[in-house]
Amino acid sequence: MNMQECKICNNNAQHHAYSTEKDSQVVDCSYCGKYYLMHLFETDIYNDKSNFYKVSSWIREQNDEFHINPEISQEVFEDKLNMRDKRIKEKFDLMMQYFSNATNRFQLDKKILVKCWMKNENEFAKLYQKAVDTILLDGPLIKMLSGFSYPIFLGLTFDGLEYIENLANPNQSSKNIFVAFNFEDNLKEVFNVHVKSAIEENGFNYVVVNQDNVEHNKSINDEIIVKLKSSRIVIADFTNHRPSVYFEAGFAMGMNIPIIWTCQEGHDQDMSFDTRQFPHIIWKDKDDLVKQVMDRIKVIL
Ligand SMILES: [Zn+2]
């Protein structure tokens, strides 16, 4: 074992020989986390290091979220370097989650940057200040001589706690239930008549987007995204699977909107592997579907 700088973030990192067969080293970086470094990997060839933070954040995410120690070859590095930056709102949400889990409020360390995919300390200072200005966080930002703005974090405010609650369960006050299915005649009747009336009888809005109800000057995809973003729950039915149902469910998952996965009996073997891992309501007929869906909605709410 020897202590060297991590080639990606320049912080201290333990380097262990791993195996000659794999031609790699195990790097245990105090900032990025643990990863396998392939011997042929070089960072000196890059003049611009401003995007290295993306690779550090990606390794940190692999470690913390998925318990994976990734192999970093030149190819992987290049790939992560060119991945899209997270949106400012995504970084802000990660920062809010970080603070909501902070156990020792006075021991915030630089790791907040890597965990929240932040480019540098200036970006952190901007986001922290925004959270203070919008009264989600309590505690001033102190500018240190080193240039790093150190947050004296005192806790989340009432609005901050509510913000975290909404992240876990967005659109809580919305009455919209977005329904995605294959628009063929028999399924149209099941959903647009029977499921619709059960949803409406319970005081919710039944929301379906297809070519028939989108104004001519609007794109159907834009309309789907607008409606998904404001939904409390998404029902995704995979009977005779229509590809865009996968897209709609994936989008809702990314937004943390609860999804009710459904599929008619006999069609469940045709589903893509990606969605089969989620528990589906397998329904026999319209009455069975309506009952199971309404029971599930009550559980979610
Ligand atoms: Zn590192």
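The values are calculated or read from the model by the stated rules, or taken from the named source; none is laboratory data. Please read all numbers here as calculations on a predicted model, not as lab measurements. All Cβ positions, glycine included, derive from the backbone under ideal geometry; neighbour counts span all protein chains shown. The area values use the complete protein model at the heavy-atom level, side chains included, leaving out ligands, DNA and RNA. Shrake-Rupley method; radii C 1.70, N 1.55, O 1.52, S 1.80 Å.
Residues in the stretch 74-103 that are open to solvent by less than 70 Å² (accessible area, probe 1.4 Å) and modelled with pLDDT under 90: A102 alone. For the stretch 225-263, the set of residues classified as in a loop (DSSP other than H, G, I, E, B) and of a type outside the set (F, W, Y) consists of S230, S231, R232, T239, N240, H241, R242, M255, N256, I257, P258, listed by residue number. Is there a residue in the stretch 120-142 that is under 21 Å from G33 (Cα atoms) and either among the β-branched types (V, I, T) or open to solvent by less than 60 Å² (accessible area, probe 1.4 Å) (or both)? There is at least one residue in the stretch 120-142 that is under 21 Å from G33 (Cα atoms) and either among the β-branched types (V, I, T) or open to solvent by less than 60 Å² (accessible area, probe 1.4 Å) (or both). For the residues S197, S219, the requirement of being without any contact (Cβ under 8 Å) to a residue 12 or more places away in the chain, farther than 23 Å from T262 by Cα and open to solvent by 30 Å² or more (accessible area, probe 1.4 Å) singles out S219. It is to be established whether one or more residues within the stretch 54-62 are surrounded by 17 or more Cβ atoms within 10 Å (Cβ to Cβ), within 17 Å of the chain's Cα centre (by Cα) and β-branched (V, I, T). Yes, the stretch 54-62 contains at least one residue that is surrounded by 17 or more Cβ atoms within 10 Å (Cβ to Cβ), within 17 Å of the chain's Cα centre (by Cα) and β-branched (V, I, T). Within the stretch 161-188, the set of residues being touching a helix residue (DSSP H, G or I) at 6+ places or on another chain (Cβ under 7 Å) and under 19 Å from Y128 (Cα atoms) comprises Y163, I164, L167.
Any residue in the stretch 70-93 that is part of a loop (DSSP other than H, G, I, E, B), within 16 Å of the ligand (Cβ to nearest atom) and in contact with a helix residue (DSSP H, G or I) (Cβ under 9 Å, 6 or more places away or on another chain)? There is at least one residue in the stretch 70-93 that is part of a loop (DSSP other than H, G, I, E, B), within 16 Å of the ligand (Cβ to nearest atom) and in contact with a helix residue (DSSP H, G or I) (Cβ under 9 Å, 6 or more places away or on another chain). Among the residues of the stretch 3-48, those identified as open to solvent by 70 Å² or more (accessible area, probe 1.4 Å), at pLDDT below 90 and within 15 Å of the ligand (Cβ to nearest atom) are M3, Q4.
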